[in-house]
Amino acid sequence: MNTLRQCQDFQQLIDASPVFAKLLWQATFAPKDTLTGLSLSDRNPRVIEQLLPFFDWIYHHYFRVTTDGWEHVPQTGKLLMIGSHNGGLAAPDAVMTTYAWFRRFGTERLAYALMEPKIWQIFPGVARLATQVGTIQAHSHIAIKALRQNAALLIYPGGVQDVFRPHSLRHQICFFGNKGFIKLALREETPIIPIISRGAHDTLIILADLYPHLSQLHRWGMPWFLGIDPGTFPIYLGLPWGLAIGPLPNIPLPVQIHLRVCPPIIFEKYGDDASHDVDYVQSCYLQVCQTMQQALDQLLQETVAGK
């Protein structure tokens, strides 16, 4: 029975891979002025449905994801899901969180995720396919539009610095002082639901970030490659390169991932005045970071105890 089950599982991957490849091909060669991540209407539940079997295999058999805490997510209404990024450009925690959302809430409930706008320049095919799944560019005006449609919005405030933070920081919440999500939550009176994960940052081993040195060279006159400031320049060990230098795409190692959805964080006050109060924004930012760090520490303790 075990062998039969394994064959059926592998057949699922064989059947789903051409569909994924076809959709990626179509997105890659879509007109350049389409699927830009600047419109909420580009989200396509039919495309999501076609992608689900492929990511179902990745979820269950490649990363062997375990997850808990989804009861903390309200069944309706707007919300901000805030995560700490891991695992390089493949960002397996973000992809698996998105799949877990669809498993629980279906493809029709409005949900979007913010992504670095540079991805549309560097990897347009991937970005355009992600747009159809609900990815939008990380700009405040479109994030506000999403929340005002009562959508769920997934944000990783640490961005590229977080996703390529050194392996020595893998158990730390690092948002690098980016407080835009706090101002958004306060202005739009939206609860924050933290998401933490274990394992995703072991899918590649980030040794160091050379960006501060390259940034200095840029200030001395060295141009950025393709005129794009990468924001990070890591050295890492991982597939397919072995040793890689720079924010190159990677194939994540098949490390088991655990996702945990934490209880909502509700602030004492909301509104425009609160969002412009520098000290209050800082206080709310520290509250989120500390709450998420405590939750991550607890998850890691449970992991050690379970071994």
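From the list PHE267, PHE225, which residue is in contact with a Cys (Cβ under 8 Å, 6 or more places away or on another chain) and either at pLDDT below 95 or aromatic (Phe, Trp, Tyr) (or both)?
Just a single option satisfies the conditions, and that option is PHE267.
Given the criteria within 25 Å of TYR236 (Cα to Cα), surrounded by 18 or more Cβ atoms within 10 Å (Cβ to Cβ) and β-branched (Val, Ile, Thr), does VAL65 qualify?
yes
Which of the residues belonging to the stretch 120-140 are assigned to a loop (DSSP other than H, G, I, E, B) and touching a residue at least 60 places away in the same chain (Cβ under 8 Å)?
Within the stretch 120-140, PHE123, GLY134, HIS139 meet the criteria.
Restricting attention to the stretch 131-166, which residues are hydrophobic (A, V, I, L, M, F, W, C) and touching a Ser or Thr at 6+ places or on another chain (Cβ under 9 Å)?
Matches in the stretch 131-166: VAL133, ILE136, ILE142, LEU147, LEU153, LEU154, VAL160, VAL163, PHE164.
Of the numbered conditions (1) out of contact with any Phe, Trp or Tyr (no Cβ under 6 Å at 6 or more places or on another chain); (2) assigned to a helix (DSSP H, G or I); (3) in contact (Cβ under 8 Å) with a residue 40 or more places away in the chain; (4) of a type outside the set (A, V, I, L, M), ASP279 satisfies every one except a single condition; which is it?
Condition (3) is where ASP279 drops out.
From the list PRO223, PRO263, which residue is part of a loop (DSSP other than H, G, I, E, B), out of contact with any Asp or Glu (no Cβ under 7 Å at 6 or more places or on another chain) and in contact (Cβ under 8 Å) with a residue 60 or more places away in the chain?
PRO263
Condition first: under 20 Å from LYS183 (Cα atoms) and in contact with a Ser or Thr (Cβ under 9 Å, 6 or more places away or on another chain). Now tell me which residues in the stretch 112-130 satisfy that.
If the condition is that a residue be under 20 Å from LYS183 (Cα atoms) and in contact with a Ser or Thr (Cβ under 9 Å, 6 or more places away or on another chain), then TYR112, ALA113, LEU114, MET115 are the ones that fit.
Applying the selection to the stretch 57-104, what residues are in contact with an Asp or Glu (Cβ under 8 Å, 6 or more places away or on another chain), touching a residue at least 60 places away in the same chain (Cβ under 8 Å) and either farther than 17 Å from ASP202 by Cβ or of a type in the set (Lys, Arg) (or both)?
Passing the criteria: only LYS78.
State all residues of the stretch 92-109 that are surrounded by 18 or more Cβ atoms within 10 Å (Cβ to Cβ) and more than 10 Å from the chain's Cα centre (by Cα); if no residue qualifies, say none.
Scanning the stretch 92-109 gives TYR99, ALA100, TRP101, PHE102, THR107.
Anything in the stretch 280-298 that is over 19 Å from the mean Cα position of the chain (by Cα) and within 16 Å of ARG170 (Cα to Cα)? List them, or say none.
Within the stretch 280-298, GLN290, GLN294, ASP297, GLN298 qualify.
Say we look at the stretch 141-187 and pick out the residues that are at pLDDT 95 or above, among the small types (Gly, Ala, Ser) and not in a loop (DSSP other than H, G, I, E, B); which of these is farthest from TRP101 (Cα to Cα)?
Across the stretch 141-187, the extreme among qualifying residues is GLY180.
The values are calculated or read from the model by the stated rules, or taken from the named source; none is laboratory data. Please read all numbers here as calculations on a predicted model, not as lab measurements. Please note: Cβ atoms are built from the backbone with ideal geometry, for glycine as well, and neighbour counts cover all protein chains shown.
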